[in-house]
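Structure first, then comments.
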């Protein structure tokens, strides 16, 4: 019978001498991982107080994080993964909202929390790099559990996943032991993770990608987890070779950063075979395969729900897959009518976006959604009319394949025409000197919106070196309205802790950012000219003269 809980999966590894966790400094067998987890579970149980049994973990990817995940599973606690890139009021709000009883952190994390009203007294901080921690832990060493806490079931809360906040205020998505165990089973099969795999985990452990697509599947299969402290583009290939990694996961800009590193003739001299993640373009996947010999598997899912689509071998490039069940469909968000198939031109552009693009929903998914912690308004937004609404846009082709069309704000109305921000992003990412790109709408001073892009380029590269007008003119699938009218240029665009671009933040800044901004000038084969302070003041005056001051970024 499949294991019903993460605790079951962990206990099944007791006595297993296969390497379970490796760093550059040390190796732990799975049996030792279980023992380390059991010691911390006993400690946590002794420290438990009234109220939700939530343990905040504010650490980089260090072994203690893995051990506390196991500890939480065994004692029935939920791990709240605290994002170390948060600061100040935002950090305070997130931690306080999740009602933590204990905080597991290090000295750097304790410094971040110092002075914040997070609802946890300093004496309930377990600081892993202080001598006192080792002494207290030693008192619980040697615990060899034969079972989990009596109240641990498939419904026991295991994780509170703080959403990345790329499109607004973050929420704490609930994931139970049962759901995570089921994902471990399904994803180990879906991504072909076996006992012999070495799963390299460069994505942060507070993020669902690392937990649902790597940690839980590796635990299910009894594979080895190779753990770096954090993602590093320069350290990626040396790490992969050092550990003999065969599989890894990625999110956001990570693939772009790796591909931006100078290539060498022996890049393919590694054991990588495949990787899973999101937001790599088809061009990224082709370049990664050619350079490193590793296949990128793009998927669709979220912290709140996954398993709605299944991949089909030999499916079209860029397709997410086909519905995993009949209840998954694309509907118009107002009428709830199923959208007709998209009419796609030779360049892959949707010619009937008004009819074909809608929201991805699961009409039977409300029961599968475990909700957000203490946030009924957000729950009500996700579950309406008994359906689960993803908030993601998509379309389906005539063969039944689903495609991602962006988030709800990724369509820009320009001169009465819907423009896909996602398509423009993918076009920009084809440029070999653009590491990352985010595209969004900014208000036009007279009516509607205009397309704005934020691009990240490597140090030493100038915007003029991109020849962006010429490059865009050569992209036959872009269309005349898709070229950005404003381009923000940076060597380090703002990101979340999981390397996703903070598009909402950049959209709010618009062209009034402190980064250099270039503006499209002329018609046809136009040029981009840098915006001066006077240019920005003049543009602001246009808004005011047109009575659209309220739309200023």
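Brief remarks on what is shown
- Scanning the range 142-159 for residues that are touching a helix residue (DSSP H, G or I) at 6+ places or on another chain (Cβ under 9 Å) and either surrounded by 14 or more Cβ atoms within 10 Å (Cβ to Cβ) or without any contact (Cβ under 8 Å) to a residue 40 or more places away in the chain (or both) turns up 143, 145, 148, 149, 152, 153, 154, 155, 156, 157, 158, 159.
- Any hit, the range 410-432, residues being in contact with a helix residue (DSSP H, G or I) (Cβ under 8 Å, 6 or more places away or on another chain), surrounded by fewer than 21 Cβ atoms within 10 Å (Cβ to Cβ), without any contact (Cβ under 8 Å) to a residue 24 or more places away in the chain and under 29 Å from residue 340 (Cβ atoms): no
- Listed by position, the helices (runs of 4 or more DSSP H) contained in the range 464-553 that have at least 2 residues being closer than 30 Å to residue 351 by Cα are 468-473, 503-509.
- Number of positions in the range 263-304 that are touching a helix residue (DSSP H, G or I) at 6+ places or on another chain (Cβ under 7 Å), closer than 14 Å to residue 246 by Cα and in contact (Cβ under 8 Å) with a residue 24 or more places away in the chain: 6
- Among the residues of the range 388-425, those identified as more than 15 Å from residue 352 (Cα to Cα), at pLDDT 90 or above and either in the same structural domain as residue 471 (by TED's automatic domain parsing) or in a strand (DSSP E or B) (or both) are 388, 389, 390, 402, 421, 424, 425.
- When residues of the range 305-343 are limited to those that are touching a helix residue (DSSP H, G or I) at 6+ places or on another chain (Cβ under 7 Å) and under 22 Å from residue 498 (Cα atoms), the one modelled with the lowest pLDDT: 306
- Evaluated against (1) crowded, with 17+ Cβ neighbours inside 10 Å; (2) within 23 Å of the chain's Cα centre (by Cα), residue 387 falls short on exactly one condition, (2).
- Residues being in contact with a strand residue (DSSP E or B) (Cβ under 7 Å, 6 or more places away or on another chain) and at pLDDT below 95 are entirely absent from the range 211-218.
- Identification of strands (runs of 3 or more DSSP E) wholly contained in the range 2-114 with 3 or more residues that are buried (at least 21 other Cβ atoms within 10 Å of the Cβ) and within 28 Å of the chain's Cα centre (by Cα) yields 54-58, 78-81, 102-105.
- Within the range 525-549, residues that are assigned by TED's automatic domain parsing to the domain that holds residue 475 and farther than 18 Å from residue 509 by Cβ reach no partner that is at pLDDT 90 or above and exposed (fewer than 12 other Cβ atoms within 10 Å of the Cβ) with beta carbons closer than 7 Å at six or more positions or on different chains.
- Hey, residue 230 touching a residue at least 40 places away in the same chain (Cβ under 8 Å), part of a loop (DSSP other than H, G, I, E, B) and out of contact with any strand residue (DSSP E or B) (no Cβ under 9 Å at 6 or more places or on another chain) or not: yes
- Only residues that are buried (at least 16 other Cβ atoms within 10 Å of the Cβ) and at negative phi were counted in the range 278-290, giving 7.
- A residue that is in a helix (DSSP H, G or I) and under 30 Å from residue 54 (Cβ atoms) can be found somewhere in the range 364-377.
- Residue match in the range 145-158 (condition: in a helix (DSSP H, G or I), more than 30 Å from residue 494 (Cβ to Cβ) and over 27 Å from the mean Cα position of the chain (by Cα)): no
- Subset tally (residues that are more than 18 Å from residue 435 (Cα to Cα) and modelled with pLDDT under 95) for the range 287-301: 5
The values are calculated or read from the model by the stated rules, or taken from the named source; none is laboratory data. Keep in mind that this is a model prediction, so the values were computed, not measured. Virtual Cβ from ideal backbone geometry, glycine too; neighbours counted across all protein chains shown.
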